1. With Cβ to Cβ distances under 14 Å as the rule, what net charge do the other residues near ILE4 carry (K, R +1; D, E -1)?
2. Around ALA171, under 11 Å between beta carbons, what's the net of Lys plus Arg minus Asp minus Glu among the other residues?
3. Any idea what Rg and Dmax come out to for region 2-122 if you just take the C-alpha atoms, in Å?
4. Only helices at least 20 Å long along their own axis, judged from Cα atoms, and with Kyte-Doolittle mean hydropathy of 0.0 or greater: name those in the chain from DSSP H.
5. Rounded if a/c is under 1.5, else prolate if a/b is larger than b/c, else oblate: which is region 125-191, with a ≥ b ≥ c the root eigenvalues of its Cα gyration tensor?
6. Apply the Kirkwood formula to region 257-385: the hydrodynamic radius equals the inverse of the mean of 1/r over all pairs of different alpha-carbon atoms; give it in Å with one decimal.
7. Ranked by Cβ crowding within 10 angstrom, fewest neighbours first, how are ARG71, ARG269 ordered?
8. Sorting check: for 36-46, 56-66, 335-345, 112-122, which peptide has the highest mean count of neighbouring beta carbons within 10 Å, and how do the rest follow?
Amino acid sequence: MQEILNTEEHQLFRQSFKEFVKAEIVPKNEQWEKEGKVGRELYEKMGAMGFFGIHCPEELGGSNLDYSYARIINEELAAVGASGVATSLMAHMYLAMIYLQKSKNPKLFEQYLKPSMEGKLVGALAMTEPGAGSDLAAIISTAVKDGDDYIVNGSKTFITNGYYGDYMVAAVKTDPKAGGAGISMLVIDLDQPGISRTKLNKLGIHASDTAEIGMDNVRVPQSNLVGQEGMGFYFMMQNLTIERMGIVWGALGAMQFIFEKTLQYMQERAAFGKPINKFQALRHKIVDLMTEYEACKAFSDVTSYRMVKGEQVVKECSMLKIQSCELLNKVAYECLQMFGGYGFIEEYPIARAYRDARIQNIYGGTSEIMREIVAKLIFDGASYG
Ligand SMILES: Cc1cc2nc3c(=O)[nH]c(=O)nc-3n(C[C@H](O)[C@H](O)[C@H](O)COP(=O)(O)OP(=O)(O)OC[C@H]3O[C@@H](n4cnc5c(N)ncnc54)[C@H](O)[C@@H]3O)c2cc1C
């Protein structure tokens with residue numbers, strides 16, 4: 001696996017990204033959490049360093065690297081406890097930009113993908129609607145042809161980067177009678193007439209902005225269509241594997257962060273005349289959690305390796321999303337307990353890590369939906385190839 005996941009190039013890339021995160025994100029994370037948004041300057045710096053272009057074609061100025069590098073980016077962002085920032089950056093890079101890349105549409109490349117690579121435009125992916133989240137085929141936003149444009153009506157909700165972002169790749173029905181086969185993806189500017197945005201207040205990942213977006217007779221050029229009409233569901237299903245693996249890598253990075261902070265605290269905090277890391281009940285708890293973490297990490301490494309090699313890993317990726325996100329919540333809960341009352345105080349990073357963990361089992365597909373996917377593969381002979 002080393003030759004696919006951990007070559008000298010990977011190590012150099014990890015080192016350079018780690019240094020970038022330490023210099024540009026760690027000092028600002030607190031401020032962005034309070035402001036409820038990531039500073040635009042971070043996008044521009046990420047762009048200037050070439051990080052947003054790592055998976056983009058070389059002819060556009062990208063590095064055309066595989067997803068083993070996505071693993072590094074997700075792990076390193078989570079490993080400093082910056083889950084809110086990570087959510088925003090990942091929505092731009094792995095949710096919105098991936099669709100633009102796959103569109104193979106020179107106009108979308110020029111108008112949206114290149115400025116996204118440079119961090120000059122920030123993108124969002126808008127699939128979820130107030131009435132349809134898990135059941136994406138049930139979306140009701142429509143795009144109806146009018147001359148060279150579409151007229152779009154409907155609403156989207158829970159959209160990461162939807163409030164401060166510049167454009168969204170939105171799932172809309174171009175043929176409402178055709179169910180999932182009638183869904184298409186359209187790139188829509190967020191400052192257009194007819195667009196309204198409402199910022200949503202969240203339990204955690206505060207640095208990432210999340211919005212409800214209304215679309216009232218929004219005029220969108222037909223040339224903003226990603227691929228062809230009716231391909232939306234296919235695109236969404238294809239891209240969900242990388243979105244979900246991103247969440248898995250993020251969950252593993254977040255656990256690493258929690259363990260690091262907890263071990264340090266257990267060494268420093270004394271009770272009954274000795275550091276609390278001398279109490280067997282607490283030590284054994286940590287040992288059990290770390291054992292589960294190692295098993296999950298090993299499963300993730302094997303699945304990452306297979307995915308990068310081009311194998312179909314829908315089942316394993318879904319299993320991993322359940323395992324890693326549920327384990328992250330367990331780790332956050334149990335480790336917060338090690339901090340006693342201080343664990344409940346905002347200044348302690350464990351408090352934020354605990355809040356931030358909760359979304360992982362929900363977005364990118366809930367744990368229940370992941371179990372449904374795996375069950376259909378096991379029991380019903382379903383195929384997601
Ligand atoms: C902070 C945040 C950021 C997000 N970012 C984005 C984004 O950028 N873009 C985007 O498009 N979406 C985004 N989402 C939306 C997210 O993906 C959805 O919330 C999620 O998929 C669940 O959909 P829902 O909220 O409509 O829940 P529902 O589908 O209404 O589900 C409600 C409950 O029923 C369960 N359930 C539903 N169907 C079944 C079934 N068949 N079997 C068993 N249980 C079932 C679910 O697991 C859940 O527990 C975000 C959400 C949040 C909270």
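1. -3
2. Net charge in that neighbourhood comes out at +1.
3. When restricted to Cα atoms, region 2-122 yields Rg and Dmax of 14.2, 42 Å.
4. 232-268, 314-338
5. oblate
6. Numbers: mean 1/r = 0.0606 Å⁻¹.
So the Kirkwood estimate lands at 16.5 Å.
7. Sorted ascending by nearby Cβ count, the order is ARG269, ARG71.
8. Values: 36-46: 17.7, 56-66: 14.2, 335-345: 15.8, 112-122: 21.4.
By packing density, highest mean first, the sequence is 112-122, 36-46, 335-345, 56-66.
Read the figures in this text as sums done on the coordinates, not as results from a lab. As the structure is a prediction and not an experimental result, all values here were calculated from the model. Please note: Cβ atoms are built from the backbone with ideal geometry, for glycine as well, and neighbour counts cover all protein chains shown.
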